[in-house]
Structure formats: structure tokens, C-alpha cells
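Chemist: Before I ask anything, here is the structure I am working with.
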Amino acid sequence: MSGPAYRVAWIGLVGLLQAAPAAAQRPPVTVPTPGTTVTTLHHAFDRAAPQPLSLWRPRTVLGFQEVVYGHGGIHVTCTDTPERGRCPRTDTGGGPTGRSPIQLEFHEQRSGQRREIAVLGWLERAEWERACSDDFWDKSEYPLWTSSTRECHVAPAGTAATLEIAARDIAQLVAGRWQAELHLDVRSGRGGAVLGRHVFALEVLVTDPARAAIHFPEHGASVAPMDLQLQVRTQPAPASVGGEAVLEMCLYDGLGSLSSQLELVARDGRPDAPGRPAGHFSVWHLRGGAAAHDRIDYRLHLLHGGRRIDLARDVHTVLDGIDSAELRPVLLPGMEQTVHCVPTPLSFQTPRFPAADKRDGRYQGDLTLEMRLPTRRP
């Protein structure tokens, strides 16, 4: 008789080990920085896609030690120079009312334009032990300029600050190279003594090429009607016709007029006509026709940098010295802020011709100006 049969079953066991939640970390021990701390920040953006600017990243610890050191009442105030930050200069003692703005004046180097922008800041208090929180941080947000705290068993042991310019606010700066200095004093909670000063030197380059335009200030647009101002002289005989008209024109490069040069091309939309002088432009009789007596020819000039520059049909004309030329403030269509463009008056000169050589009546034509921006931005 055979022995009993044994069957062995193998069971595969799968274990799932979940990582324990990371323990909240206490902020690093930090002693307030004495003296003056200077931070230089360079920022560049296109106004079509503005980027926020961070001065103090979220929860930048200004001071954190055991409660006895009193860093839980640290606060930040402005100085007595309003253009370097306008906000309270002493402890307000206010409660946790949230984020508050500092008004900071920016200055554009090329045009001299000035504009105030809001810098948003707030404080957060930290505990030495997790007496009333799960991560050492009080969930309340305080204005920068208050020593107020929320005590829970024990006073807070430290303070952190956040300071930033939101994208929607910095987008108020038009194209150009802007500068500002923000001076802030970090003060103790005990009597508000100054522990140290922080200076933020801001350099912001704003470009806006999508809004580059040839602007006619008298018409508030990039389209303008123009009369050639033709005048008839009967003396000396035979009668002659000619004239000159000037159209105010301003070139906005969308780069704060920081381009070293711009390029202009002028076209009148009609093919070459037999006998028309090279480079000249024309208007045509409203009743049609392509003969010489059906058109009136004129020359085009512009004034730039004190020089009279000829514009010829379909010829690329380079204008140098845009970044050093005189500027004019204008309000472009669809914009709420003034920008500065380079005035380049446009002159239409019709050389005199015998009146009998042309048909009587009205003449009309179109002139198109195209501005080309440099491929290299400032």
C-alpha cells in the first residue's frame, strides 16, 4: 500500500508598502540680516505675455529662533522716501487682513516716463513647536507692516515674508527700459527697532512688438487722408500747378524706441507708368486712364534726425539713430497708457507742371508705408 499523497500549494503574496507622510519641517533658524542688503533683479517680458516678478519668494524667512528672541513680531515698513516705496513707515498693529500693496515708482530711461506699480506683500508667522498647526505655520496672512500675532498657547517664534509684482500689474508698464528701487526696513516686534534694511534694485525691460505702428497723431490712427495742396499759378504764363503738403508721422517700434534703426518701404499700389520719373509716386484721375495726362506725380520725403531723406517707390530706406532721436508721447488706439514714438514728418512735394498738360478734375491714389523692425531686440 502506497503512502499518502501530499499536495503542496504555493501562494504568492503581494505586499503594498505606502510611504509614510513626510514630517512637516521646521523653518531654518534664521537671524535677521543686519545692515543693508542689496538685491538686483533683472526682468524682461513681452507685454503680450507678461511674467510676474518675485522679490521675496513665498515664505522667505526674515527671522526664526526660539520664542524668547521675539522674531514672531517682525514686520516690514517703508522708508521716508516715497518714490522708493509708499506704505506705512511704522507698525500699524493691524490684524491678519491679508495681502497689501506697496506703491513703487518706476522710471523709464529713454522717455523719462514715470508710473507707479503695486508690489504685493504679506507676512506669515511660524511656531517653534507645532502647538496649533500641523506644519509650524499659522494659516493667517498679515500685512507687511504689522507686529500683530495670533498666540496659541505660546507666541510665534518667527516671521516669513512674500513680496511680488503680479503679471497683471507689471503689464501696466509700456515698452521700454524701466528702473525702480524699493527700500524696506525690517523691524523687531519689540518697540519696532530697525533690524536691517533691504534694497531691491529693479531693472525691467518691456517689449511690445505686436503694437509697433506707423502713427499719424493728427488722425489718432495708422490711416490718414491727405490733400496734396495743389495750387494754380497763372503768372507767369502759362498757368502751372504744384504744391507741398506735410503729414505728421510718428514711428513706434514697440521696443521703447530702443531700436538702433528701422526700415521703411513706400508703395503707391500702381505699376510703373511710361514716362513717370524713377522713384516718384502718383495719383490718378478718378475717371480712369493710364496716359501721362491722367496722372500727377509727386515726390516723398521725411525729416529724421534733422535730415531730409528721400523715399523712393519700393526702395528700402534705413533710418538710423532711433534709440537717440527725439521722442513724442502718443496714445495709440486700444492702449490706456501713453507710449513714446519718433516723430518723422512726411512731406509730399508735387513739382510744378503746366496746367494744360493734365485733365481737369479730381485725382486720387493710395500710399502704403511699411515699417520693418530689427531682428535683434534691445
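The values are calculated or read from the model by the stated rules, or taken from the named source; none is laboratory data. None of these values were measured; they are calculated from a predicted model. Quick reminder, even Gly has a Cβ in these numbers, built from the backbone with ideal geometry, and neighbours come from all protein chains shown.
Chemist: Looking at the stretch 85-130 only, could you name the residues that are within 21 Å of Leu327 (Cβ to Cβ) and touching a helix residue (DSSP H, G or I) at 6+ places or on another chain (Cβ under 7 Å)?
Modeler: Listed by number, the list holds a single entry, Glu105.
Chemist: Filter the stretch 144-197 down to the residues that are aliphatic (A, V, I, L, M), modelled with pLDDT under 95 and outside any loop (DSSP other than H, G, I, E, B) and list them by number.
Modeler: Across the stretch 144-197, the qualifying residue is only Val154.
Chemist: Of the residues Leu255, Leu228, Leu262, Leu251, which is of a type in the set (A, V, I, L, M, F, W, C), touching a helix residue (DSSP H, G or I) at 6+ places or on another chain (Cβ under 6 Å) and not assigned by TED's automatic domain parsing to the domain that holds Asp169?
Modeler: Just one listed residue meets the conditions, Leu262.
Chemist: Considering only residues that are in a loop (DSSP other than H, G, I, E, B), crowded, with 16+ Cβ neighbours inside 10 Å and touching a residue at least 40 places away in the same chain (Cβ under 8 Å), which ones fall in the stretch 211-225?
Modeler: Once the filter is applied, which keeps residues that are in a loop (DSSP other than H, G, I, E, B), crowded, with 16+ Cβ neighbours inside 10 Å and touching a residue at least 40 places away in the same chain (Cβ under 8 Å), the stretch 211-225 yields Ala212, Pro217.
Chemist: Keeping to the stretch 233-270, report how many residues are under 30 Å from Ala175 (Cα atoms), of a type in the set (A, V, I, L, M, F, W, C) and part of a strand (DSSP E or B).
Modeler: Residues flagged as under 30 Å from Ala175 (Cα atoms), of a type in the set (A, V, I, L, M, F, W, C) and part of a strand (DSSP E or B) within the stretch 233-270 amount to 8.
Chemist: If you scan the stretch 340-358, which residues turn out to be surrounded by fewer than 14 Cβ atoms within 10 Å (Cβ to Cβ) and charged (D, E, K, R)?
Modeler: Arg352, Asp357
Chemist: Output yes when any residue across the stretch 329-352 is in a loop (DSSP other than H, G, I, E, B), closer than 23 Å to Glu263 by Cβ, free of Cβ contacts under 8 Å to residues at least 60 places away in the same chain and touching a strand residue (DSSP E or B) at 6+ places or on another chain (Cβ under 9 Å), and no when none is.
Modeler: Taking every residue of the stretch 329-352 in turn, none turns out to be in a loop (DSSP other than H, G, I, E, B), closer than 23 Å to Glu263 by Cβ, free of Cβ contacts under 8 Å to residues at least 60 places away in the same chain and touching a strand residue (DSSP E or B) at 6+ places or on another chain (Cβ under 9 Å).
Chemist: Does Gly93 satisfy the criteria of being surrounded by 21 or more Cβ atoms within 10 Å (Cβ to Cβ), out of contact with any Cys (no Cβ under 8 Å at 6 or more places or on another chain), farther than 28 Å from Ala24 by Cα and not hydrophobic (A, V, I, L, M, F, W, C)?
Modeler: no
Chemist: Counting just the residues of the stretch 290-322 that are in a strand (DSSP E or B) and among the β-branched types (Val, Ile, Thr), which one comes out surrounded by the most Cβ atoms within 10 Å (Cβ to Cβ)?
Modeler: Ile296
Chemist: Going through the stretch 233-261 one residue at a time, which ones are crowded, with 16+ Cβ neighbours inside 10 Å and under 36 Å from the mean Cα position of the chain (by Cα)?
Modeler: Leu247, Met249, Cys250, Leu251, Tyr252, Asp253, Gly254, Leu255, Gly256, Ser257, Leu258, Ser259
Chemist: Being over 43 Å from the mean Cα position of the chain (by Cα), closer than 20 Å to Thr368 by Cβ and assigned to a loop (DSSP other than H, G, I, E, B) is the filter here; which residues of the stretch 273-289 pass it?
Modeler: Answer for the stretch 273-289, where residues must be over 43 Å from the mean Cα position of the chain (by Cα), closer than 20 Å to Thr368 by Cβ and assigned to a loop (DSSP other than H, G, I, E, B): Ala273, Arg276, Pro277, Leu286.
Chemist: Determine which single condition Arg57 fails, assuming it passes every other condition in (1) surrounded by 14 or more Cβ atoms within 10 Å (Cβ to Cβ); (2) outside any loop (DSSP other than H, G, I, E, B); (3) basic (Lys, Arg).
Modeler: So Arg57 meets the others, but not (1).
Chemist: Also, quick follow-up: Looking at the stretch 60-82, which of its residues are under 17 Å from Val199 (Cβ atoms), assigned to a helix (DSSP H, G or I) and touching a residue at least 60 places away in the same chain (Cβ under 8 Å)?
Modeler: none
Chemist: Follow-up. Can you tell me which residues in the stretch 112-123 are over 19 Å from Val199 (Cα atoms), surrounded by fewer than 20 Cβ atoms within 10 Å (Cβ to Cβ) and not charged (D, E, K, R)?
Modeler: Gly112
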